[in-house]
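Report on the following structure.
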Amino acid sequence: MDGEEFSLEDPSQLLQSASDFANYPGVPNDVATKEFLDRFPLPVIINALQTKSEVPGLEATLVACLERIFKTKYGASLIPLYMPFVQVGLTADSQLVRCLACKTLSCLLENIDETISAAQLIIDNGVYPLLLDCVINGNEQVATASIEAIEKLAGSQKGMEIVFPANNSDDMHLGNLSARCSSLGRVRVLSLIVKLFSVSRDVASAVYNSNLLSLLEAKIRNTDDTLVSLSVFELFYELAEVKHATEFLSKTTLVQLLSSTISNMSKEAILRSRAMMISGRLLSNDNIYMFIDESSKTYPEVLELIDFHKDIYLKKLHFSSPIVLHFISVHIECNWSINKASCILHNYLGVKTIISAIDGRLRLESEDLNECESALEALGQIGSSNQGATLLLTISPPAARHVIDAAFDKHARGKQLASLHSLANISGETRSDSNIILNGDAEESLRLLIYKAASKSSKLTPSGLFLSVLQQDSEVRLAAYRVLTGLVARPWCLMEICSKQEIINIVTGPKTETTKIGMEARYKCCVAIHRAFMSSSKLTGNPALAPIAAKLQEAVSRGPYLADKIYREAQPMVVTAERF
């Protein structure tokens, strides 16, 4: 590559052509790429990049050009021939070139022919350790590009073997790498672990089995640095969004870590707020409750189950055959049963502990409004699932009382908005139609809490509360529409709504809202009320309510956007011309 045959005395023509190619609009294609490389072969471009970097603008232009080349199928097919260039690029002083080398590996992993193993090429050329060095020591762009390349590498079975070595003492094991990094490098390794976790369930399983999730927990537990803790909490927040996260996170001590952070008065309020938001996101997933069956498993029964399997284990151990293999099979069988029962207990108590911790913070009425709003939003996220809403309403005292009390309090607008949206989630606005209604105890608790809130206010009735929030500004009204959309599935709420003509006028009024999101929220609420009304034989058979039924039907037929019943076409306006 460094030979004279590939050198250019004057790189100006290459610079101009590379700039045109890099900046050509649209997605690059194989034909244009091949034509360009016929004029300027890759060895020529690479040689210029290595030897003419002092030419103003040359390095940035050639890097952009090569990026565009390697993103095509034709360009990617050439990468295996130039792996030494990639290897050198990963160790280059120039951050632009290092970033290009990382992106080139991503292109290789995305577009390589199935007959060639990209993972094997990476092994043969010793590229993976260099990629890890880019994660730790590169600038932000290089670190991001190298993490993306490692993500793609882990997408194949062979690649997983590289990223997750079987030997835990291997220098390239992410746990060992993290231990010898700087503080910044360690955070980047943790970020890489989170990105890998999101690739697939198999990769997440490898992350968990490699004990890498414990690195994030340890970082929170062993630092008093607020900024470092916030960085790791952001990673947990990202982690909690992954579809398969709860399956593995429920086996860690994350739940206890979050609850202890929320309860710790010595922690910064911003850390407690983040812990609450992570808890809300984590517990909004129905999978977290997969081991909890409230109807059949209670706290004493789970303990009984653990003791039962321990007894079986001891008996089998006592009477087992002296053959070692048989002993091992007995040990695994019984420990699996004990662990499963322990997992049920762990999840059951963990979820309740987090809810109690958030409840405790709200009882103290923190002066930090952001923390209060985060707590209310977290309860709303938890309540978005059927099981979460049931827990919020049935534990004693019900944590949902904070949400309902604040939802109808005009004196703290931020808290009111957060609470209204949370109440909408708890009432089922975000759940499927078949999943809106909770069990009997939870439904009764919800009804009593709303009636109690009404009795303590000047409005006296739930219908008065509903009307009061519908008469506030557009943001509050939008949240109120969501609340009514969820609550109206309950007969008592439907009766309350129908008892106030003003509520019907607002939700059916074509000119109530002026924004698209407001119109859609009002219409969705109107449709929900109409559906609930038509499914109630008691209301449809009442002649006194016939005008309400007609008004709802008309509003539903009109749709969300049409303000007038009769469509009015634009009319030309004729006016007398002004004279000067």
(request) Output the residue which, of all residues in the range 507-524 that are out of contact with any Cys (no Cβ under 7 Å at 6 or more places or on another chain) and closer than 21 Å to Ser536 by Cβ, is surrounded by the most Cβ atoms within 10 Å (Cβ to Cβ). (result) Tyr523
(message) Suppose we keep only residues that are open to solvent by 70 Å² or more (accessible area, probe 1.4 Å) and in a helix (DSSP H, G or I) within the range 159-194. Which one would you say is farthest from Glu234 (Cα to Cα)?
(response) Glu161
(message) Between a residue in the range 263-278 that is without any contact (Cβ under 8 Å) to a residue 12 or more places away in the chain and over 21 Å from Ile382 (Cα atoms) and any residue that is buried (at least 18 other Cβ atoms within 10 Å of the Cβ) and of a type outside the set (D, E, K, R), which pairs come within a Cβ distance under 8 Å, given they are 6 or more apart or on different chains?
(response) Lys267/Thr261
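The rows are residues; the columns are (1) part of a helix (DSSP H, G or I); (2) closer than 17 Å to Arg186 by Cα; (3) of a type outside the set (A, V, I, L, M, F, W, C).
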site: Ser214; (1), (2), (3): yes, yes, yes
site: Asp224; (1), (2), (3): no, yes, yes
site: Val232; (1), (2), (3): yes, yes, no
site: Gln256; (1), (2), (3): yes, no, yes
site: Thr261; (1), (2), (3): yes, no, yes
site: Met265; (1), (2), (3): no, no, no
(request) Starting from residues that are among the aliphatic types (A, V, I, L, M) and in a loop (DSSP other than H, G, I, E, B), keep the ones in the range 101-157 and report whichever is surrounded by the most Cβ atoms within 10 Å (Cβ to Cβ). (result) Ala154
(request) Would you check which residues across the range 34-89 are surrounded by fewer than 16 Cβ atoms within 10 Å (Cβ to Cβ) and in contact with a Phe, Trp or Tyr (Cβ under 6 Å, 6 or more places away or on another chain) and list them? (result) Lys34
(request) Go through the range 543-563 and give me each residue that's part of a loop (DSSP other than H, G, I, E, B) and either modelled with pLDDT of 85 or more or open to solvent by 60 Å² or more (accessible area, probe 1.4 Å) (or both). (result) Tyr561, Leu562
(message) Out of everything in the range 247-288 that is basic (Lys, Arg) and farther than 18 Å from Arg363 by Cα, what residue ends up being surrounded by the fewest Cβ atoms within 10 Å (Cβ to Cβ)?
(response) Lys251
(request) Count, please, the residues in the range 359-383 that happen to be open to solvent by less than 30 Å² (accessible area, probe 1.4 Å) and closer than 22 Å to Gly428 by Cα. (result) 9
(message) Cβ-Cβ under 7 Å, sequence separation 6+ or interchain: first residue in the range 53-65 and within 12 Å of Val97 (Cα to Cα), partner polar (S, T, N, Q) and open to solvent by 40 Å² or more (accessible area, probe 1.4 Å). Which pairs?
(response) Glu59/Ser53
(message) Tell me whether the range 50-66 contains one or more residues that are modelled with pLDDT of 85 or more, assigned to a loop (DSSP other than H, G, I, E, B), under 24 Å from Asn111 (Cα atoms) and not β-branched (Val, Ile, Thr).
(response) no
(message) Let me confirm something: among Gln501, Gln472, which residue is under 19 Å from Leu420 (Cβ atoms), surrounded by fewer than 20 Cβ atoms within 10 Å (Cβ to Cβ) and not hydroxyl-bearing (Ser, Thr, Tyr)?
(response) Gln472
(request) Return yes when Ala92 is among the small types (Gly, Ala, Ser), open to solvent by less than 40 Å² (accessible area, probe 1.4 Å) and either in contact (Cβ under 8 Å) with a residue 40 or more places away in the chain or farther than 23 Å from Ala143 by Cβ (or both) and no when it is not. (result) no
(request) Among what's in the range 6-35 and is acidic (Asp, Glu) and not in a helix (DSSP H, G or I), pick the residue that is modelled with the highest pLDDT. (result) Asp10
(request) Check Ser229 against each of (1) of a type outside the set (Val, Ile, Thr); (2) open to solvent by less than 20 Å² (accessible area, probe 1.4 Å); (3) within 16 Å of Ile358 (Cβ to Cβ) and name the one condition it does not meet. (result) (3)
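The values are calculated or read from the model by the stated rules, or taken from the named source; none is laboratory data. Only a predicted model underlies this, so the values are computations on that prediction, with no experimental measurement involved. For neighbour counting, all protein chains shown are included, and Cβ atoms are generated from backbone atoms with ideal geometry for every residue, glycine included. What goes into the accessible areas is simple: the full protein's heavy atoms, side chains included, and nothing from ligands, DNA or RNA. Shrake-Rupley method; radii C 1.70, N 1.55, O 1.52, S 1.80 Å.
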